[in-house]
Every structure is written in structure tokens, then in C-alpha cells.
Amino acid sequence: MLTRIDHVGIACHDLEEKIAFYEGTFGLIVASREVNEQQGVKEAMLHVADGPAGASYVQLLEPLHPDTPVGKFLAKRGEGVHHIGYGVEDVVAALESIGGKGVRLLDERPRHGSMGASIAFLHPKDVGGVLTELVQARPRAH
Ligand code: CMX
Ligand code: CO
């Protein structure tokens, strides 16, 4: 069901500062920057590598307000790894299968994610403390 690690989501206070760190330290390149009001974040995807099932990224997340998932996480735990995003071929089918196993779905239906992807989150309490995101990438143009 899972085709790759699509991205690792990292919560931070200052997006521009963290982008500069990842560029300067690891030589990563920003693939996209977006404001996602629905998720309450300002974010950047930094390209790590290309694999047979698609690309992988580091996703840097700065909250738009304190009362958002990432804002609450920062207040409780400070900066650090916030979630893991796994690639799937078909996010609707994956949700149906995973929900059927009793894992709570934070999204019953996929939402809009970075770079045109369809995404959905699974409750961290049902995944051993790991907030887990399923990512169906936008089909590549031919
Ligand atoms: N990883 C692991 N556990 C987490 C967590 C995270 N990122 N965020 C919250 N939790 C835990 C908390 O520690 C808390 O546990 P305790 O009760 O043991 O203290 C519990 O989950 C409840 O946390 P909360 O602070 O009360 O927060 P909420 O229940 O209001 O929200 C969650 C938690 C996971 C439902 C919410 O963050 C959510 O819906 N997340 C999905 C959306 C999201 O994160 N969007 C931003 C990223 C967008 C993108 O990737 O594009
Ligand atoms: Co993400």
C-alpha cells in the first residue's frame, strides 16, 4: 500500500530561518512554498531525492496561528519532527482499508496538500504516537 516516504514534516517557529539552514547545511533546494489556510500552515517542500515511486521531500511547517495543529504542537513539544507522509497510489482506497482496521481517520475524505497532492491524516494515538499522513501525488504531466 505504501510506495515510499513522501516527506517528513518538521514543525518550526521561523520558516525562512529553517529553509536557510536546510539549504546551507544539506544543500537542499526548495521545490515549492505555499500557504495552506485549511491546515493552518505556511510551508516549504525541499527536494531530497528521486526514487522509482517518486520524489521525497522535507516539509518545513510554520503555524499561521497558535490555535492550529502545528501551533499547538510547538507550544507543547517545541520544534521537531511533526509527522511522516507516506506515498500511496490511491488515497481513497488506502483510507478505506486502514479505517477498516480500526485506525481513526482525521480526514474521512482527502484534502488538498502541497504541490497538488491529495492528503489525509491518521490519528497519532492509533499509530504508536506518530502522526501519519497519506499522500497521493498529483499525476505527473506527460
Ligand atoms: N505527533 C504525535 N502526537 C501528537 C501530535 C503529533 N504531531 N500532535 C498531537 N499529538 C498528541 C498530543 O501529544 C496529545 O497527546 P496527549 O493527550 O497524550 O498529550 C494528543 O495527540 C492530542 O493532542 P492535542 O494537542 O490536544 O491536539 P488535538 O487533539 O487538537 O490535535 C491532531 C491533534 C493530531 C488531531 C491534529 O494535530 C491534527 O488534526 N493533525 C492533522 C493536520 C495537520 O497536522 N496539519 C498540518 C500539516 C499539514 C501538511 O502536512 O500539509
Ligand atoms: Co505533510
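The values are calculated or read from the model by the stated rules, or taken from the named source; none is laboratory data. Quick caveat: nothing in here was measured; it's all calculated off a predicted structure. Cβ: placed from backbone, ideal geometry, glycine included. Neighbour counts: every protein chain shown. Please note that ligands, DNA and RNA were not included when accessible areas were found on the heavy atoms of the full protein model with its side chains. Shrake-Rupley method; radii C 1.70, N 1.55, O 1.52, S 1.80 Å.
Can you list residues from other chains, or at least 5 along the same chain, whose modelled amide H is less than 5 Å from the amide H of V103?
HN-HN under 5 Å from V103: empty list.
For K101, list the lysines whose Cα falls under 23 Å from its own Cα; do not include residues on the same chain fewer than 8 positions away.
Partners found: K125.
Whenever you get a sec, compute what percent of the accessible area on region 2-136 sits on carbon and sulfur atoms (1.4 Å probe). Can you show the working numbers first?
Details: 3860 of 7180 Å².
Percent of accessible area from carbon and sulfur atoms in region 2-136: 54.
Under unit Cβ charges (Lys, Arg +1; Asp, Glu -1), what dipole magnitude, rounded to 20 debye, does the chain have relative to its Cα centre?
On the way: 14 positive and 19 negative charges, 62 e Å.
In total the dipole reaches around 300 debye.
How many Å² of accessible area per residue for the chain, probe 1.4 Å?
Details: 8110 Å² over 142 residues.
Per residue, the chain has 57 Å² of solvent-accessible surface.
May I ask which residue of I19, M1, V41 lies farthest towards the positive end of the charge dipole of the chain, with charges of +1 (Lys, Arg) and -1 (Asp, Glu) on Cβ and the Cα centre as origin?
Farthest towards the positive end: M1.
Using alpha-carbon positions, what is the distance between the centroids of region 94-130 and region 23-65, in Å?
Cα centres, region 94-130 to region 23-65: 19 Å.
Just the number: Rg to Rh for region 2-136, Cα atoms, Kirkwood Rh, two decimals. Walk me through the numbers on the way to the answer.
Numbers: Rg = 14.4 Å, Rh = 15.1 Å.
On the Cα set of region 2-136, Rg over Rh gives 0.95.
To one decimal place, what orientation-averaged projected area in nm² is obtained for the convex hull of the Cα set of region 75-142?
Values: hull surface 21.8 nm².
Quarter of the Cα hull surface area: 5.5 nm².
Can you work out the Karplus-derived ³J(HN,Hα) for every residue in region 32-40? Use 6.51 cos²θ - 1.76 cosθ + 1.60 with θ = phi - 60°, whole Hz, and x for glycine or proline.
7, 10, 8, 9, 10, 4, 4, 8, x
Non-local amide H neighbours of Y57 (under 5 Å, H modeled in plane, Pro and chain starts lacking H): which ones?
H7, V8, V48
If we sort 10-16, 133-139, 100-106 on the protection proxy, mean other Cβ atoms within 10 Å, highest first, what's the order? Before the final figure, lay out each step's value.
Working: 10-16: 17.0, 133-139: 19.7, 100-106: 11.6.
Answer by packing, highest mean first, reads 133-139, 10-16, 100-106.
Using modelled amide H (1.01 Å from N, peptide plane; none on Pro or chain starts), what sits under 5 Å from the amide H of R4, excluding residues fewer than 5 places away?
Result for R4 returns G87.
Read phi for every residue in region 49-65 and hand back ³J(HN,Hα) as whole Hz from Karplus 6.51 cos²θ - 1.76 cosθ + 1.60, θ = phi - 60°, with x for Gly and Pro.
Per residue, the Karplus-derived 3J(HN,Hα) values read 6, 10, x, x, 9, x, 8, 10, 9, 9, 10, 9, 10, 10, x, 7, 8 Hz.
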